[in-house]
Amino acid sequence: MSQSQTMARGMSLVELMISVVIGMFLVAVMGSVYLGSKATFNAQDSVSHLQDSGRFAMDTMARDLRMSGFRGCMSQVRGTPLTNLLNTPTALLYNFAEPVWGSRSSGGSWSPALGTPVSGLSPLPAGDVLVVRRPVGSGWALTAQMAAGTSAMSISATPNITKGDLLLAADCAGAVVLQATNDTPGLSSSVAHLTGVAGISPGLSSADLGRGLAHDASLWRMQTVIYYLAASVRRGGQVALWSYTNPSYDGNPSSVELVTGVERMAITFGVDSNADYAADKFQGAAGVSDWTQVVSARIDLLLSGNADNSVTKAQPYRWDGAMVVPIDKKLRTTLSVAVSLRNTVP
(Lines give C-alpha, C1' and ligand atoms only; values in the text may rest on other atoms or scores of the structure.)
Protein backbone atom coordinates (compact mmCIF):
# COMPACT_ATOMS: atom_id res chain seq x y z
CA MET A 1 0.00 0.00 0.00
CA SER A 2 1.35 3.41 -0.94
CA GLN A 3 2.03 6.18 1.54
CA SER A 4 -0.63 8.37 -0.02
CA GLN A 5 -3.27 5.65 0.40
CA THR A 6 -2.34 5.20 4.07
CA MET A 7 -2.67 8.93 4.85
CA ALA A 8 -6.11 9.14 3.20
CA ARG A 9 -7.61 6.38 5.36
CA GLY A 10 -10.64 7.61 7.55
CA MET A 11 -11.58 6.89 11.19
CA SER A 12 -12.22 3.34 12.19
CA LEU A 13 -15.51 2.27 13.78
CA VAL A 14 -13.83 1.94 17.18
CA GLU A 15 -12.42 5.46 16.99
CA LEU A 16 -15.84 6.81 15.98
CA MET A 17 -17.54 5.09 18.90
CA ILE A 18 -14.96 6.42 21.33
CA SER A 19 -15.51 9.95 20.00
CA VAL A 20 -19.28 9.60 20.38
CA VAL A 21 -18.91 8.34 23.97
CA ILE A 22 -16.61 11.23 24.85
CA GLY A 23 -19.03 13.70 23.29
CA MET A 24 -22.00 12.24 25.16
CA PHE A 25 -20.04 12.38 28.39
CA LEU A 26 -19.25 16.06 27.86
CA VAL A 27 -22.89 16.80 27.04
CA ALA A 28 -24.00 14.99 30.21
CA VAL A 29 -21.50 16.92 32.31
CA MET A 30 -22.59 20.26 30.83
CA GLY A 31 -26.26 19.33 31.27
CA SER A 32 -25.67 18.43 34.89
CA VAL A 33 -23.87 21.73 35.47
CA TYR A 34 -26.73 23.61 33.77
CA LEU A 35 -29.43 21.87 35.79
CA GLY A 36 -27.51 22.44 39.00
CA SER A 37 -27.04 26.12 38.18
CA LYS A 38 -30.72 26.45 37.32
CA ALA A 39 -31.78 24.83 40.58
CA THR A 40 -29.44 27.09 42.52
CA PHE A 41 -30.79 30.15 40.70
CA ASN A 42 -34.41 29.14 41.36
CA ALA A 43 -33.66 28.55 45.05
CA GLN A 44 -31.91 31.92 45.36
CA ASP A 45 -34.76 33.61 43.50
CA SER A 46 -37.31 32.04 45.86
CA VAL A 47 -35.31 33.11 48.91
CA SER A 48 -35.01 36.65 47.54
CA HIS A 49 -38.75 36.76 46.82
CA LEU A 50 -39.60 35.59 50.33
CA GLN A 51 -37.26 38.12 51.91
CA ASP A 52 -38.60 41.02 49.84
CA SER A 53 -42.23 40.04 50.45
CA GLY A 54 -41.67 39.55 54.17
CA ARG A 55 -39.81 42.83 54.53
CA PHE A 56 -42.57 44.75 52.74
CA ALA A 57 -45.33 43.17 54.83
CA MET A 58 -43.52 43.76 58.12
CA ASP A 59 -42.55 47.34 57.27
CA THR A 60 -46.10 48.23 56.21
CA MET A 61 -47.79 46.88 59.33
CA ALA A 62 -45.06 48.10 61.69
CA ARG A 63 -45.28 51.65 60.32
CA ASP A 64 -49.04 51.76 60.89
CA LEU A 65 -48.71 50.29 64.39
CA ARG A 66 -46.18 52.96 65.38
CA MET A 67 -48.58 55.71 64.27
CA SER A 68 -51.68 54.22 65.91
CA GLY A 69 -53.31 56.18 68.71
CA PHE A 70 -52.09 59.52 67.37
CA ARG A 71 -53.33 62.48 69.42
CA GLY A 72 -51.48 65.42 67.93
CA CYS A 73 -49.36 67.62 70.20
CA MET A 74 -49.92 65.44 73.27
CA SER A 75 -49.72 62.04 71.64
CA GLN A 76 -50.05 59.75 74.65
CA VAL A 77 -53.31 57.83 74.43
CA ARG A 78 -53.96 57.81 78.17
CA GLY A 79 -52.66 61.34 78.72
CA THR A 80 -54.64 63.26 76.11
CA PRO A 81 -58.41 63.81 76.41
CA LEU A 82 -60.16 62.59 73.25
CA THR A 83 -63.69 63.55 72.26
CA ASN A 84 -65.27 61.56 69.45
CA LEU A 85 -68.17 63.47 67.86
CA LEU A 86 -69.03 60.79 65.29
CA ASN A 87 -72.48 59.22 65.51
CA THR A 88 -71.01 55.76 66.12
CA PRO A 89 -67.89 56.44 68.23
CA THR A 90 -67.50 52.81 69.36
CA ALA A 91 -67.98 51.17 65.95
CA LEU A 92 -64.97 49.24 64.66
CA LEU A 93 -64.17 51.74 61.91
CA TYR A 94 -64.56 54.84 64.09
CA ASN A 95 -63.39 53.92 67.59
CA PHE A 96 -60.30 56.15 67.58
CA ALA A 97 -60.12 56.02 71.38
CA GLU A 98 -58.57 52.55 70.90
CA PRO A 99 -55.32 52.58 68.89
CA VAL A 100 -55.60 48.94 67.80
CA TRP A 101 -57.95 45.99 67.88
CA GLY A 102 -57.59 42.35 66.94
CA SER A 103 -59.33 39.01 66.67
CA ARG A 104 -58.19 35.37 66.44
CA SER A 105 -59.99 32.30 65.15
CA SER A 106 -60.07 29.25 67.40
CA GLY A 107 -62.32 26.21 67.19
CA GLY A 108 -64.30 27.66 64.29
CA SER A 109 -65.17 30.99 65.92
CA TRP A 110 -63.51 34.39 66.18
CA SER A 111 -62.69 36.02 69.51
CA PRO A 112 -63.49 38.85 69.93
CA ALA A 113 -66.37 38.42 67.48
CA LEU A 114 -65.95 40.00 64.06
CA GLY A 115 -68.15 43.00 63.36
CA THR A 116 -68.88 45.08 60.30
CA PRO A 117 -67.08 45.34 57.91
CA VAL A 118 -64.52 42.66 58.88
CA SER A 119 -66.99 39.78 58.67
CA GLY A 120 -67.81 40.80 55.10
CA LEU A 121 -64.15 40.58 54.10
CA SER A 122 -64.21 36.79 54.71
CA PRO A 123 -60.86 36.58 56.52
CA LEU A 124 -59.32 33.12 56.64
CA PRO A 125 -58.87 31.53 60.09
CA ALA A 126 -55.20 30.86 59.27
CA GLY A 127 -54.42 34.45 60.24
CA ASP A 128 -55.39 36.92 62.94
CA VAL A 129 -57.23 40.13 62.12
CA LEU A 130 -55.40 43.35 63.01
CA VAL A 131 -57.15 46.74 63.08
CA VAL A 132 -55.03 49.90 63.28
CA ARG A 133 -56.35 53.47 63.61
CA ARG A 134 -53.91 56.16 62.53
CA PRO A 135 -53.45 59.55 60.81
CA VAL A 136 -52.82 59.88 57.08
CA GLY A 137 -49.97 62.15 56.00
CA SER A 138 -49.13 65.52 57.50
CA GLY A 139 -51.47 67.87 59.31
CA TRP A 140 -52.75 71.34 58.47
CA ALA A 141 -52.32 74.12 61.03
CA LEU A 142 -55.28 76.36 61.76
CA THR A 143 -54.76 79.81 60.25
CA ALA A 144 -57.21 81.61 62.55
CA GLN A 145 -58.64 81.14 66.02
CA MET A 146 -62.14 79.70 66.19
CA ALA A 147 -64.67 82.09 67.67
CA ALA A 148 -66.49 79.20 69.32
CA GLY A 149 -66.54 75.42 69.40
CA THR A 150 -69.19 75.38 66.65
CA SER A 151 -67.28 77.67 64.28
CA ALA A 152 -65.72 76.44 61.06
CA MET A 153 -61.95 75.83 61.15
CA SER A 154 -59.72 77.92 58.90
CA ILE A 155 -56.77 76.20 57.18
CA SER A 156 -54.53 76.81 54.18
CA ALA A 157 -56.18 75.81 50.92
CA THR A 158 -55.66 72.16 49.98
CA PRO A 159 -57.39 69.72 47.61
CA ASN A 160 -56.73 66.85 50.02
CA ILE A 161 -59.53 67.53 52.50
CA THR A 162 -62.96 66.79 51.04
CA LYS A 163 -66.53 66.40 52.24
CA GLY A 164 -66.95 63.36 54.49
CA ASP A 165 -63.30 63.06 55.51
CA LEU A 166 -62.68 61.87 59.06
CA LEU A 167 -60.54 64.43 60.86
CA LEU A 168 -58.65 64.82 64.11
CA ALA A 169 -58.42 68.38 65.46
CA ALA A 170 -55.84 68.59 68.22
CA ASP A 171 -53.66 70.92 70.24
CA CYS A 172 -51.64 70.39 73.41
CA ALA A 173 -54.77 70.36 75.58
CA GLY A 174 -56.87 67.73 73.85
CA ALA A 175 -58.14 66.19 70.62
CA VAL A 176 -61.49 65.89 68.84
CA VAL A 177 -62.56 63.44 66.13
CA LEU A 178 -65.00 64.98 63.67
CA GLN A 179 -66.09 64.89 60.03
CA ALA A 180 -65.93 67.56 57.33
CA THR A 181 -69.51 68.32 56.30
CA ASN A 182 -69.29 71.15 53.73
CA ASP A 183 -68.86 70.57 50.00
CA THR A 184 -65.34 71.94 49.48
CA PRO A 185 -63.67 72.23 52.90
CA GLY A 186 -60.09 72.04 51.66
CA LEU A 187 -60.35 74.25 48.57
CA SER A 188 -62.42 76.85 50.44
CA SER A 189 -59.95 76.84 53.39
CA SER A 190 -62.91 76.41 55.77
CA VAL A 191 -63.85 73.11 57.41
CA ALA A 192 -67.43 72.96 58.71
CA HIS A 193 -68.62 70.28 61.14
CA LEU A 194 -72.40 70.32 61.28
CA THR A 195 -74.93 67.71 62.31
CA GLY A 196 -77.66 66.26 60.09
CA VAL A 197 -75.82 66.72 56.80
CA ALA A 198 -77.03 64.34 54.08
CA GLY A 199 -74.65 62.23 52.02
CA ILE A 200 -71.98 61.52 54.64
CA SER A 201 -71.49 58.62 57.00
CA PRO A 202 -71.46 58.18 59.94
CA GLY A 203 -72.17 61.89 60.50
CA LEU A 204 -71.81 63.92 63.67
CA SER A 205 -73.70 63.72 66.94
CA SER A 206 -72.69 67.28 67.87
CA ALA A 207 -71.29 70.30 66.07
CA ASP A 208 -69.61 71.65 69.20
CA LEU A 209 -65.92 70.83 69.68
CA GLY A 210 -66.22 71.95 73.29
CA ARG A 211 -63.96 74.97 72.86
CA GLY A 212 -62.60 77.21 70.16
CA LEU A 213 -59.21 76.03 68.90
CA ALA A 214 -56.40 78.52 68.32
CA HIS A 215 -53.41 78.79 65.97
CA ASP A 216 -51.51 76.06 67.81
CA ALA A 217 -54.06 73.45 66.74
CA SER A 218 -53.85 71.31 63.60
CA LEU A 219 -56.05 69.01 61.52
CA TRP A 220 -55.18 65.49 60.37
CA ARG A 221 -57.08 63.05 58.21
CA MET A 222 -57.76 59.81 60.09
CA GLN A 223 -58.08 56.30 58.77
CA THR A 224 -58.73 52.76 59.98
CA VAL A 225 -56.70 49.95 58.38
CA ILE A 226 -57.67 46.28 58.66
CA TYR A 227 -55.05 43.59 57.94
CA TYR A 228 -56.20 40.02 57.31
CA LEU A 229 -55.50 36.87 55.28
CA ALA A 230 -57.75 35.90 52.35
CA ALA A 231 -57.57 34.01 49.08
CA SER A 232 -55.23 35.55 46.52
CA VAL A 233 -56.64 36.93 43.27
CA ARG A 234 -53.16 37.09 41.71
CA ARG A 235 -52.38 33.40 42.01
CA GLY A 236 -55.14 30.86 42.39
CA GLY A 237 -54.91 28.46 45.29
CA GLN A 238 -52.66 30.70 47.39
CA VAL A 239 -53.28 32.86 50.45
CA ALA A 240 -52.39 36.54 50.62
CA LEU A 241 -52.09 39.36 53.12
CA TRP A 242 -54.77 41.98 52.42
CA SER A 243 -55.50 45.45 53.75
CA TYR A 244 -58.83 47.24 53.90
CA THR A 245 -58.83 51.00 54.57
CA ASN A 246 -61.64 53.34 55.58
CA PRO A 247 -61.90 56.02 54.36
CA SER A 248 -59.83 55.41 51.21
CA TYR A 249 -58.31 58.78 50.41
CA ASP A 250 -56.83 60.28 47.24
CA GLY A 251 -58.41 57.77 44.86
CA ASN A 252 -56.75 54.72 46.44
CA PRO A 253 -58.71 51.43 46.48
CA SER A 254 -60.26 50.24 49.73
CA SER A 255 -59.09 46.62 49.46
CA VAL A 256 -55.54 45.80 48.36
CA GLU A 257 -53.72 42.48 48.07
CA LEU A 258 -50.42 43.42 49.67
CA VAL A 259 -48.33 40.23 49.66
CA THR A 260 -49.10 36.87 48.05
CA GLY A 261 -47.90 33.73 49.76
CA VAL A 262 -48.55 34.65 53.42
CA GLU A 263 -49.91 31.39 54.81
CA ARG A 264 -50.17 32.27 58.52
CA MET A 265 -50.28 35.47 60.60
CA ALA A 266 -50.33 35.78 64.38
CA ILE A 267 -50.50 39.04 66.36
CA THR A 268 -49.54 39.12 70.04
CA PHE A 269 -50.25 42.27 72.05
CA GLY A 270 -48.18 43.71 74.87
CA VAL A 271 -50.57 44.92 77.59
CA ASP A 272 -49.70 47.47 80.29
CA SER A 273 -52.10 46.72 83.13
CA ASN A 274 -50.40 48.77 85.87
CA ALA A 275 -49.96 52.09 84.01
CA ASP A 276 -46.14 52.07 84.01
CA TYR A 277 -46.04 52.31 80.18
CA ALA A 278 -44.35 48.90 79.84
CA ALA A 279 -45.91 45.63 78.78
CA ASP A 280 -46.69 43.39 81.77
CA LYS A 281 -47.93 40.48 79.69
CA PHE A 282 -48.25 39.41 76.06
CA GLN A 283 -51.59 38.05 74.95
CA GLY A 284 -53.52 37.08 71.87
CA ALA A 285 -56.53 39.14 70.88
CA ALA A 286 -58.94 37.03 72.92
CA GLY A 287 -57.05 37.85 76.13
CA VAL A 288 -57.10 41.66 75.76
CA SER A 289 -59.88 43.24 77.82
CA ASP A 290 -58.87 46.91 77.46
CA TRP A 291 -57.40 47.90 74.10
CA THR A 292 -56.25 51.29 75.42
CA GLN A 293 -53.70 49.38 77.54
CA VAL A 294 -51.91 47.92 74.51
CA VAL A 295 -48.41 49.41 74.26
CA SER A 296 -46.72 47.01 71.82
CA ALA A 297 -47.42 44.23 69.36
CA ARG A 298 -45.52 41.31 67.87
CA ILE A 299 -46.20 40.17 64.31
CA ASP A 300 -45.41 36.61 63.21
CA LEU A 301 -45.72 35.63 59.54
CA LEU A 302 -45.26 32.37 57.65
CA LEU A 303 -44.47 32.91 53.97
CA SER A 304 -44.14 30.33 51.19
CA GLY A 305 -42.46 30.49 47.79
CA ASN A 306 -44.21 30.70 44.44
CA ALA A 307 -43.59 27.16 43.19
CA ASP A 308 -43.74 23.63 44.53
CA ASN A 309 -40.64 21.38 44.38
CA SER A 310 -38.34 24.35 44.97
CA VAL A 311 -36.65 22.24 47.66
CA THR A 312 -35.69 18.56 47.44
CA LYS A 313 -37.82 17.46 50.37
CA ALA A 314 -40.54 18.79 52.68
CA GLN A 315 -39.18 21.63 54.79
CA PRO A 316 -40.34 21.54 58.44
CA TYR A 317 -40.99 24.85 60.19
CA ARG A 318 -41.89 25.93 63.72
CA TRP A 319 -45.18 27.73 64.30
CA ASP A 320 -46.81 28.56 67.61
CA GLY A 321 -44.28 26.46 69.47
CA ALA A 322 -44.81 23.29 67.42
CA MET A 323 -42.93 21.73 64.49
CA VAL A 324 -45.00 21.41 61.32
CA VAL A 325 -44.07 19.16 58.39
CA PRO A 326 -45.82 20.28 55.17
CA ILE A 327 -46.96 17.85 52.48
CA ASP A 328 -45.44 19.86 49.63
CA LYS A 329 -41.89 20.93 48.76
CA LYS A 330 -42.30 24.70 48.85
CA LEU A 331 -39.66 26.95 50.33
CA ARG A 332 -40.94 28.60 53.51
CA THR A 333 -39.71 31.08 56.07
CA THR A 334 -41.04 32.55 59.30
CA LEU A 335 -40.57 36.19 60.23
CA SER A 336 -41.19 38.00 63.50
CA VAL A 337 -40.99 41.64 64.55
CA ALA A 338 -41.90 43.49 67.76
CA VAL A 339 -43.28 47.02 67.47
CA SER A 340 -43.77 49.66 70.13
CA LEU A 341 -46.94 51.75 69.83
CA ARG A 342 -45.05 54.98 70.35
CA ASN A 343 -48.18 57.10 70.91
CA THR A 344 -49.10 55.01 73.95
CA VAL A 345 -45.86 55.56 75.84
CA PRO A 346 -44.00 58.72 76.96
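The values are calculated or read from the model by the stated rules, or taken from the named source; none is laboratory data. Predicted, not measured: the structure shown is a model, and the values here were computed from it. Cβ atoms come from the backbone with ideal geometry, glycine included; neighbour counts cover every protein chain shown. Areas reflect the complete protein model, heavy atoms only, side chains present, ligands, DNA and RNA absent. Shrake-Rupley method; radii C 1.70, N 1.55, O 1.52, S 1.80 Å.
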Accessible surface, segment 90-145, averaged per residue in Å² (probe 1.4 Å): 41
Overall form of segment 117-264 per C-alpha gyration tensor (a/c, 1.5; a/b vs b/c): prolate
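Nearest 20 debye, what's the magnitude of the dipole of segment 91-206 about its Cα centre given +1 on Lys and Arg Cβ and -1 on Asp and Glu Cβ?
120
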Modelled FRET efficiency - R0 22 Å, Asp290 with Ser109, Cβ distances, 0.05 increments: 0.50
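Please compute the per residue accessible area over segment 178-270 with all protein chains in place, 1.4 Å probe, rounded to a whole number of Å².
Averaged over the residues of segment 178-270, the accessible area is 37 Å².
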On Cα atoms only, tilt of 13-67 relative to the major axis of the chain in degrees: 10
Ordering of 171-177, 27-33 by packing [mean C-beta count within 10 Å, highest first]: 171-177, 27-33
Computed lengthening from Gln238 to Thr116, 0.36 nm per intervening residue step minus Cα-Cα distance: 41.4 nm
Check: the chain dipole with +1 on Lys, Arg Cβ and -1 on Asp, Glu Cβ, in debye: 640
Burial ranking of peptide ranges 155-165, 13-23, 286-296 (average Cβ count within 10 Å, highest at the top): 286-296, 155-165, 13-23
Residue-by-residue Karplus 3J(HN,Hα) for segment 124-135, coefficients 6.51, -1.76, 1.60, Hz, glycine and proline x: 7, x, 5, x, 6, 9, 10, 10, 10, 10, 8, x
For Val197, residues with placed amide H under 5 Å, excluding near neighbours: Leu204
In Å, descending, principal axis extents of the Cα set of segment 243-319: 51, 40, 18
Solvent-accessible area of Tyr277 with every protein chain in place, 1.4 Å probe, in Å² to the nearest 10: 80
Per residue convex hull volume, Cα atoms of the chain, in Å³: 218
Simple spin-label estimate for Ala322 and Ser138 in nanometres, 7 Å along Cα-Cβ: 5.1
Sulfur and carbon atoms: percent of accessible area, segment 178-228 [1.4 Å]: 50
Space enclosed by the convex hull of the alpha-carbon atoms of segment 189-346, per residue, Å³: 195
